[in-house]
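Read through the structure below, which is laid out as structure tokens, and then see the notes.
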Amino acid sequence: MEVKKINFLQNYSSILLLLGGIIIGSIFGLVFGEKVLVIKPIGDIFLNLLFTAIIPLIFFTIGSSIANLERTEKLGKLFVIMVLVFLATLLISAIVMICAVYLFPIHQDIAITKVPFEEIESGSAGDQIAKLLTANDFFELLSRKSMLALIIFSFLIGFATLQSGEKGNAFKGFLDSGNEVMKQLLNIIMKFAPIGLGAYFAYQVGIFGPQLFGVYAKPMAVYYAACVFYFFVFFSLYALAAGGKRAFKVFWSNNITPSLTAVGTCSSIATIPANLEAAEKMGIPAHVRNLVIPLGAPLHKDGSSMSSILKITFLFAMFGKDFTDPMTILLALGITVIVSIVEGGIPNGGYIGEILAITVYGFPMEQALPVAMILGTLVDPIATLLNANGDVICSMMVSRFSEKTKW
């Protein structure tokens, strides 16, 4: 019993510390009111450290992962089917979340601030796309305003390194080493997150008052309800698509351990062994489960996809902007796919996805990022459940479509 308590504290320590910082900061804000402006610079220092680490972290993480593809992945029919299944479930989960926020709007009383959007130069649609996907000069890639361009450039660097073969081994080693160093740097910075976010929340509560708590309550309720609905209804539909009633029974009878592991560890990576064991019991061929599940942990995240939509909707509401425009929604769907891929191999990678969304839509970073980080922390446990379990159900569908597996 004591071991379980220790494991729980270890697995949830970062979330508990963040929540503790937020709670303490909120109390300070309630007690001292506008006097908490004195500690606002502490939150600003934390955010500035995070901003400066993001750019090199994304470059090394993506470049290194692509450069090492040859060690772990096999291209072909199986890989193509896996990618299509991943994309389909990611988009479906995002659409479910969009429907949820339309059925249960969270925009009625959330206008926390009227800070204007960052200025975006006007121009034709083609010019806007070009500026979004590329940069005019190399140094412009080093700005968080060129986040999407940096991601694309990092992918290209990784593929170029991969194509270079043995001659590129030295550069590949540089990418691998830089990746590890930047991960450790982010881990160090995130140790100050409880203090930084605590100071930020103290400022928010001190300025805007206790009503701020109600602002987060409804989005959380909508998100958890949508996730529970998606978990039971859509995972069941996926299982039926993978093999009818037999596959449905096989999935849910072997899904308990992976589910508990995901919630207990709050980590998709830590759930891989339980997922592989469950997939073996389900009768999924070894070459399918050994490819889909390990790759799904960093690349396929239904819960993060839904979380991304919630954060974007919340930020639109926060700044009093309309989320109903079709192009805005299409862009949100594209961001969710990118976020799912980018955040997987990065500690606290959800924050990188949040920065990408904030950059693309032109929100003021200093006001938007802390709010998105707080929301992401509050929804993380159930998001991990969907992220991790989604890999098992995807392996069932890939097995069905590629191997004609019957249960």
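The values are calculated or read from the model by the stated rules, or taken from the named source; none is laboratory data. Note that the coordinates shown come from a computational prediction; the quantities given were computed from them, not determined experimentally. Using ideal geometry, Cβ is built from the backbone for each residue, glycine included, and neighbour counts are taken over all protein chains shown. In case anyone asks, the SASA skips ligands and DNA or RNA and just uses the protein heavy atoms, side chains included. Shrake-Rupley method; radii C 1.70, N 1.55, O 1.52, S 1.80 Å.
At a glance:
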item: Residues (open to solvent by 10 Å² or more (accessible area, probe 1.4 Å), assigned to a helix (DSSP H, G or I) and under 16 Å from Thr384 (Cβ atoms)) located in the range 257-303; result: Thr257, Ser259, Leu260, Thr261, Val263, Gly264, Thr265, Ile272, Pro273, Ala274, Pro298, Leu299
item: Any hit, the range 53-68, residues being over 16 Å from Leu150 (Cβ atoms) and at pLDDT 80 or above; result: yes
item: Index of the failed condition, Ile27 passing every other in (1) under 23 Å from Met220 (Cα atoms); (2) within 22 Å of the chain's Cα centre (by Cα); (3) at pLDDT 85 or above; (4) not charged (D, E, K, R); result: (2)
item: Qualifying position, being closer than 26 Å to Ile54 by Cβ and basic (Lys, Arg), among Lys249, Lys321; result: Lys321
item: Residue pairs meeting the criteria (Cβ under 8 Å; at least 6 apart or on separate chains; first at negative phi, in the range 162-191; second acidic (Asp, Glu) and at pLDDT below 90); result: Leu162/Glu70
item: Selection status of Met306, under 19 Å from Phe232 (Cα atoms) and either open to solvent by less than 40 Å² (accessible area, probe 1.4 Å) or not hydroxyl-bearing (Ser, Thr, Tyr) (or both); result: yes
item: Long-range neighbours under 7 Å by Cβ, at least six apart or interchain, first residue assigned to a helix (DSSP H, G or I) and among the aliphatic types (A, V, I, L, M) within the range 230-247, second open to solvent by less than 60 Å² (accessible area, probe 1.4 Å) and modelled with pLDDT under 90; result: Ala247/Trp407
item: Any pair with Cβ under 8 angstrom, 6 or more apart, that starts in the range 39-60 at a residue that is closer than 14 Å to Gln367 by Cβ and charged (D, E, K, R) and ends at one that is open to solvent by 70 Å² or more (accessible area, probe 1.4 Å) and assigned to a helix (DSSP H, G or I); result: Asp44/Glu366
item: Any chance Ala383 is touching a Gly at 6+ places or on another chain (Cβ under 6 Å), of a type in the set (A, V, I, L, M, F, W, C), at pLDDT 80 or above and within 30 Å of Asp44 (Cβ to Cβ); result: yes
